1. Does Val97 satisfy the condition of being crowded, with 20+ Cβ neighbours inside 10 Å, closer than 27 Å to Leu171 by Cα and under 14 Å from the mean Cα position of the chain (by Cα)?
2. State which residue is farthest from Trp6 (Cα to Cα) when the search covers only the stretch 121-136 and only residues that are touching a residue at least 12 places away in the same chain (Cβ under 8 Å) and of a type in the set (A, V, I, L, M, F, W, C).
3. For the structure I just gave you, tell me whether Phe159 is part of a helix (DSSP H, G or I), in contact with a Leu (Cβ under 7 Å, 6 or more places away or on another chain), surrounded by fewer than 16 Cβ atoms within 10 Å (Cβ to Cβ) and not charged (D, E, K, R).
4. Looking at the stretch 34-50 only, could you name the residues that are within 18 Å of Glu81 (Cα to Cα) and not aliphatic (A, V, I, L, M)?
5. Look at Leu111 and say whether it is buried (at least 20 other Cβ atoms within 10 Å of the Cβ), within 11 Å of the chain's Cα centre (by Cα) and farther than 21 Å from Tyr160 by Cα.
6. Looking at the stretch 47-62, I want the residues that are β-branched (Val, Ile, Thr) and have a partner that is part of a helix (DSSP H, G or I) with Cβ atoms under 6 Å, at least 6 apart or on another chain. Which pairs are those?
7. Of these, Val75, Val49, which one is over 25 Å from Ala119 (Cβ atoms), touching a Gly at 6+ places or on another chain (Cβ under 7 Å) and at pLDDT 95 or above?
8. State the number of residues belonging to the stretch 112-133 that are assigned to a helix (DSSP H, G or I) and over 23 Å from Val57 (Cβ atoms).
Amino acid sequence: MSGSYWLIVAIGALFGLARFSVAFLALRAMDLGLPVGLSPLVLVLMGVVFSLSSYPVGLLADRMDRGILLALGFVSLIIAELLLANASGYILAMAGVAVWGVHLGLTQGLLSALVADSAPDHLRGTAFGIFNLVNGIALLFASLVAGLLWQMLGASMAFYAGAVFAGAALLLLLVSFRSRHWA
């Protein structure tokens, strides 16, 4: 695998540390007053926004620099994390959930495209396997850390930590712009 591939894996893993389980989104909304019976709406909202944003982002990714779109996705996760950390009611938490959906629309397809573009044809399946393994481990670790932070320091701290990891991933992405073109 090329150095570009391993850079994408590293950026994806660091970004994965910011994206703990979506169950935390529902827990946060319920913590802020959303009735338990309405908690599935959190995932519905996130999924709808993700679905609606994915197609236009895919069209844009075919016409402009993918790195810029990916950076916007990282910024949108930071915004979502900060909204969720600072929410004082479940309406603001739902705004954070919607922005979380936008971040998914901006990042999921782009990361997959970057993996596919950076892997040799005969190793593409292996490349996706490694990328998803590393990101799965990062998600597991992120969820563990978020749960510990939530329990020990409160819900806001879990989301602040996610924003810090997303910021670190954004910084790595921006630094990599200097030496690579992400078109």
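The values are calculated or read from the model by the stated rules, or taken from the named source; none is laboratory data. Since we're looking at a predicted model, the values are computed, not measured. Cβ: placed from backbone, ideal geometry, glycine included. Neighbour counts: every protein chain shown.
1. Values: crowded, with 20+ Cβ neighbours inside 10 Å: yes; closer than 27 Å to Leu171 by Cα: yes; under 14 Å from the mean Cα position of the chain (by Cα): yes.
When the stated conditions are applied, Val97 passes them.
2. Here the answer is Leu123.
3. Here the answer is no, as Phe159 does not meet what is asked.
4. Correct list: Gly47, Phe50.
5. Working: buried (at least 20 other Cβ atoms within 10 Å of the Cβ): yes; within 11 Å of the chain's Cα centre (by Cα): yes; farther than 21 Å from Tyr160 by Cα: yes.
Yes: the conditions hold for Leu111.
6. Hits for this filter: Val49/Ala98; Val49/Gly101; Val49/Val102; Val57/Gly105; Val57/Leu106.
7. Values: Val75 fails: touching a Gly at 6+ places or on another chain (Cβ under 7 Å).
Going through Val75, Val49 in turn, the sole match is Val49.
8. Quick first cut of the stretch 112-133, residues assigned to a helix (DSSP H, G or I) only: 112-118, 121-133.
So of that shortlist, the ones also over 23 Å from Val57 (Cβ atoms) come out as 121-123, 125-126, 129-130, 133.
Looking only at that region, the number is 8.
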